[in-house]
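Okay, so here's the structure we're looking at.
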Amino acid sequence: MKFKSDSHNDYGKFKLDLKSIEKNPFEQFNRWLSDAQKADFIDANAMSISTVNADGKPSSRIVLLKQFDENGFVFFTNYQSRKGKDIEVNPNICALFFWDKLERQIRIEGTIEKISLLESEQYYHSRPYQSRIGAWASEQSQILESRFTLIRKVAKYITKYPINPPLPPFWGGYRLIPEYFEFWQGRESRLHDRFSYQKGDRNWEIQRLYP
Ligand SMILES: Cc1cc2nc3c(=O)[nH]c(=O)nc-3n(C[C@H](O)[C@H](O)[C@H](O)COP(=O)(O)O)c2cc1C
């Protein structure tokens, strides 16, 4: 299948310039995430996370951003998953948000660390019971012989933890600590606005980039 060369939409709903951009990338991110939340996406906080394995091969997947502040961007997962194994050998990761209705993309690059056990526990216990059981039952990214095996494991953990399942030792949060941000705003005739923020010793250095 091929897409026609003129099948792409032209952009131009918004613009981004040095006058209006926030000096602090976390504030700029907050502004755009708030706009996305108001724009009624199903998961405005969904982001693609790319990791690189021991052989230098990249892989990406969507996760949900659950918390963020100036310390970083937090998501939750199974530490023994494919992404978890990649992160063990290479802590460099890249996150990407794309909100099509707003014609906006944000790239965030940095290193990653596990959040504290206490923070993971607080989040885990705020989840619905079925999700907490699901975390126990899923050996995320391992080969699963059949759906029935998964359902049996769910039943096993419901019997084991009929109330209050504890945090699985292999499950918790990661925090992406950014060193670089890039904000992309679609503009007319592919002449998009792009701004990068590079972390310096004292503050963030902002540059406009060619589209
Ligand atoms: C909208 C959406 C949200 C998701 N959120 C998460 C999440 O927060 N945490 C997670 O571990 N996987 C989440 N997933 C599943 C991941 O994309 C992925 O399949 C899973 O984490 C296994 O990835 P891995 O084998 O690369 O480690 C989500 C998938 C989608 C489509």
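This table checks each residue for (1) β-branched (Val, Ile, Thr); (2) more than 21 Å from residue 175 (Cα to Cα).
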position: 19; (1), (2): no, yes
position: 23; (1), (2): no, yes
position: 36; (1), (2): no, yes
position: 44; (1), (2): no, no
position: 48; (1), (2): no, no
position: 68; (1), (2): no, no
position: 85; (1), (2): no, no
position: 89; (1), (2): yes, no
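Summed over segment 68-92, residues that are polar (S, T, N, Q), over 16 Å from residue 111 (Cβ atoms) and surrounded by fewer than 16 Cβ atoms within 10 Å (Cβ to Cβ) total 0. Residue-level check: of (1) outside any loop (DSSP other than H, G, I, E, B); (2) free of Cβ contacts under 8 Å to residues at least 24 places away in the same chain; (3) surrounded by 12 or more Cβ atoms within 10 Å (Cβ to Cβ), residue 151 misses just (3). Applying a threshold of 8 Å to beta carbon distances and a minimum spacing of six or more residues, or different chains, the list of pairs starting in segment 121-133 at a residue that is modelled with pLDDT under 95 and ending at one that is not in a helix (DSSP H, G or I) is empty. Among the residues of segment 75-86, is there at least one that is away from the ligand (no atom under 12 Å from the Cβ), outside any helix (DSSP H, G or I) and at pLDDT 95 or above? The answer is no; no qualifying residue exists. The residues listed here are 34, 60; of these, the one that is more than 15 Å from the ligand (Cβ to nearest atom) and either at pLDDT 95 or above or outside any helix (DSSP H, G or I) (or both) is 34.
Checking the stated criteria, residue 107 turns out not to satisfy the condition of being within 28 Å of residue 162 (Cβ to Cβ), among the charged types (D, E, K, R), at pLDDT 95 or above and more than 12 Å from the ligand (Cβ to nearest atom).
Can you name every residue in segment 88-112 that is in a helix (DSSP H, G or I) and acidic (Asp, Glu)? Working first, answer last.
So the first thing to find is which residues in segment 88-112 are in a helix (DSSP H, G or I), and the list is 88-89, 100-102.
Across segment 88-112, the qualifying residues are 88, 100.
The residue pairs whose first member lies in segment 61-78 and is over 14 Å from residue 178 (Cβ atoms), whose second member is among the polar types (S, T, N, Q) and near the ligand (Cβ under 6 Å from one of its atoms), and whose beta carbons are closer than 6 Å, counting only pairs six or more residues apart or on different chains, are 78/140.
The residue of segment 93-108 that is surrounded by the fewest Cβ atoms within 10 Å (Cβ to Cβ), among those that are of a type in the set (A, V, I, L, M) and over 16 Å from residue 43 (Cβ atoms), is 93.
The values are calculated or read from the model by the stated rules, or taken from the named source; none is laboratory data. On a predicted model such as this, the values are computed, not experimentally measured, just so you know. As a convention, Cβ positions derive from the backbone with ideal geometry for all residues, glycine included, and neighbour counts pool all protein chains shown.
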